[in-house]
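All remarks here apply to the structure that follows.
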Amino acid sequence: MTLPRPFELERPTTLDEAADLLRRMDGESALYAGGTELLILLKHRAIRPRSLIDLKRIDGLGDIRATDERLVIGATVTHRTLERAPDVGAGWPLVAGAIRHVANIRVRNAGTVGGNLAFADPHSDPATLFMAFDASVRLVAADGARTLSLGELAHAPYETARRPDEILAAVSLQRWPEGAVGAYLKFGLYERPTATVAVALFLDGTRSTVRDARIVVGSVGPRAVRLHVAERAVAGEPLGRLAPRLDEIAAAATRDLETMRDLHGAPDYKRELARVCVRRALAVATARARGEQADERHPHTIIV
Amino acid sequence: MRITRDIALSASPANVWPTLWDVARMVECVPGCVDATEIEPRRRYAARMTQQVGPIRVSIPLDIEVTEEKPGWCLVLKAKGRDALVATGVSVTVRLDLGPREAGSSLRLDAEWRVLGQVAALGHPIIQRRAEGMVDEFAARLERALGR
């Protein structure tokens, strides 16, 4: 590792100013939020921007806004801030609980939610978790803004639909309906998880049948994805009939899952791991839906 | 790393073959290729490839040598280069076999390449995925170029 090449540091205080700088630099600048990934790339000289645009002084980007319908997280909110925000802990406990297990304390203290999503590491915890909340991101450029779902944002490892002149300003999570239950499971031998699964079960008025579901798997393939096959299999099922079918549902949902070889393992191993993790996460969520304590404890596995 | 693709083209082999030697049209067809020049006709060329792989952008000057030509149906070329600023090198051997098919022609592309340095650190699956995307894009652009 060497020193980064020299660069100018721009410190805008408004989003408009930052977007204008980004446009004028025409691809020759990089956005700087937490810097946990950016500084490594700079020190390796893997990227060579003429300037860094520091987003941390921009009004509003460090805000967390929890309403009855949504949780809006500004791009420069750190994982640690999100984890410790009282509104998030009280109203969005799965988010606070899962974010507490991102990487390590140093990364959580510096790394930002926006940076994490914009970097599009396939092993991102927030990407998997937030898709269970039907999250969307707001992208702002000098010539306007647009909103993309998380599924539309990341299309390949480290590659997103964000244009070079756009700033990821915020991510917005949709509150689950009253009575919904969820679970987040991550398996990993290293700091970056090998498999991540987020489950949300929306129950009907009697709390005995699953009305709808969101099931997301990440870290095993190029990006986090919704398992629509499993969601359809779960929707409309009485809780009592669901428990004995979890093996079958998880197997069907992951049979054609796109997995990718990396340092964590081969594609077949990842698919099998995804199957097991989906079953376990569903078991936890269905137990919670029945008002029971989930009896799922496994090595190298964190369940929130 | 290796990619093999059978590309179906609607133009006849007699129309495809000269296009493969047309530097300006190949620059249009190869994703990320800019500044190609002929150094020695049908033997040596120079080009610059730019690619964004994940967060890393590379700009690699390539020396391209045609190592084999069977006029009208086979072409083998080797290319190599290095982006010193990003400490990334690439070498590639491409074999193109052209043949007729019912409506048009079939172009078999067989590419074997090595990537070394910073970009290689992203891992084989990510680079392979990008390379496969480039070959698909090349096929689509070539079909469009032949249709003009």
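Readers should treat all values here as calculations from the given coordinates under stated rules, not as data from a laboratory. Predicted model only: the values in this text are computed from it and were never measured. Neighbour counts are summed over all protein chains in view; Cβ atoms, including those assigned to glycine, are modelled from backbone coordinates with ideal geometry.
Is there a simple number for the mean count of other chain Cβ atoms within 10 Å of the Cβ of residues in B:84-92, and what is it?
2
Can you find, among A:L71, A:V95, A:V210, the residue sitting farthest towards the positive end of the charge dipole of the protein assembly as shown, where Lys and Arg contribute +1 and Asp and Glu -1 at Cβ?
Farthest along the dipole direction, towards plus: A:V95.
Can you find, among A:A233, A:A127, A:Y184, the residue sitting farthest towards the positive end of the charge dipole of chain A, where Lys and Arg contribute +1 and Asp and Glu -1 at Cβ?
Of A:A233, A:A127, A:Y184, it is A:Y184.
With just the Cα atoms defining each centre, how far is segment A:24-54 from segment A:174-250? Give it in Å.
Cα centroid to Cα centroid, the span is 37 Å.
Return a whole-number percent for the relative contact order of segment A:64-173, with Cα pairs under 8 Å and 6 or more residues apart as the contact set.
29 percent
Using the Karplus curve 6.51 cos²θ - 1.76 cosθ + 1.60 with θ = phi - 60°, work out ³J(HN,Hα) for each residue of segment A:57-63 in order, rounded to whole Hz, and write x for Gly and Pro.
9, 7, 4, x, 6, x, 8
What is the average number of partner chain Cβ atoms found within 10 Å of a Cβ in B:47-59?
Averaged over the peptide's residues, the number is 3.
Relative contact order of chain A, please, whole-number percent, based on alpha carbon pairs below 8 angstrom and at least 6 residues apart.
Relative contact order comes out at 15 percent.
Order A:294-300, B:5-11, A:192-198, A:4-10 from most to least packed using the mean count of other Cβ atoms within 10 Å.
A:192-198, B:5-11, A:4-10, A:294-300
As an exercise, identify the chymotrypsin sites (Phe, Trp or Tyr not before Pro) in segment A:157-249 lying in DSSP coil whose Cβ has no more than 13 other Cβ atoms within 10 Å.
A:Y190
Any idea what the dipole of the protein assembly as shown comes to, in debye rounded to 20, about its Cα centre with Lys/Arg Cβ at +1 and Asp/Glu Cβ at -1?
For the protein assembly as shown, the charge dipole is close to 780 debye.
Is there a simple number for the mean count of other chain Cβ atoms within 10 Å of the Cβ of residues in A:41-48, and what is it?
Shielding by partners across A:41-48 averages 5.
Run the helix sum for chain B: -39,500 (n - 2.57) per DSSP H stretch of 4+ residues, divided by residue count, reported at 222 nm to the nearest 500 deg cm²/dmol.
-8500 deg cm²/dmol
Enumerate the calculated ³J(HN,Hα) couplings along segment B:72-82 in order (Karplus 6.51 cos²θ - 1.76 cosθ + 1.60, θ = phi - 60°), each rounded to whole Hz, writing x wherever the residue is Gly or Pro.
For segment B:72-82, the Karplus curve yields x, 8, 9, 8, 10, 9, 10, 9, 8, x, 8 Hz.
Summing +1 for each Lys or Arg and -1 for each Asp or Glu, what net charge is found among the other residues whose Cβ lies under 10 Å from the Cβ of B:A79?
Charge balance in the 10 Å sphere: 0.
With a sphere of radius 9 Å drawn around the Cβ of A:R275, what net charge do the other residues whose Cβ falls strictly inside it have (Lys, Arg +1; Asp, Glu -1)?
+1
When the dipole is taken about the Cα centre of segment B:11-148, and only Lys, Arg (+1) and Asp, Glu (-1) are charged at their Cβ, what size is it in debye, to the nearest 20?
180 debye
So which lysines pass the test for A:K270, namely a Cα distance under 21 Å, with those fewer than 8 places away in the same chain ruled out?
The reachable lysines, counting only those whose Cα sits under 21 Å from A:K270, are A:K186.
Whole Å is fine, so just give me how far the alpha carbon centre of segment B:84-148 lies from that of segment B:13-52.
That distance is 13 Å.
Determine the calculated [θ] at 222 nm for chain A from helices alone, applying -39500 (n - 2.57) to every DSSP H run no shorter than 4 residues and normalising by the residue count; nearest 500 deg cm²/dmol.
-9000 deg cm²/dmol
A:G111's amide H: which non-local residues (gap 5+, or another chain) put their own amide H closer than 5 Å, with H modeled 1.01 Å from N in plane and none for Pro or chain starts?
Correct list: A:H79.
Using θ = phi - 60° and the Karplus relation 6.51 cos²θ - 1.76 cosθ + 1.60, list the HN-Hα couplings for segment A:229-245 in order, rounded to whole Hz, with x at every Gly or Pro.
4, 5, 4, 5, 5, 7, 4, x, 8, x, 4, x, 8, 6, 3, x, 9
Using a/c under 1.5 as the rounded threshold, could you call chain A rounded, prolate or oblate? The axes a ≥ b ≥ c are square roots of the C-alpha gyration tensor eigenvalues, and prolate needs a/b larger than b/c, oblate otherwise.
Note, shape of chain A comes out prolate.
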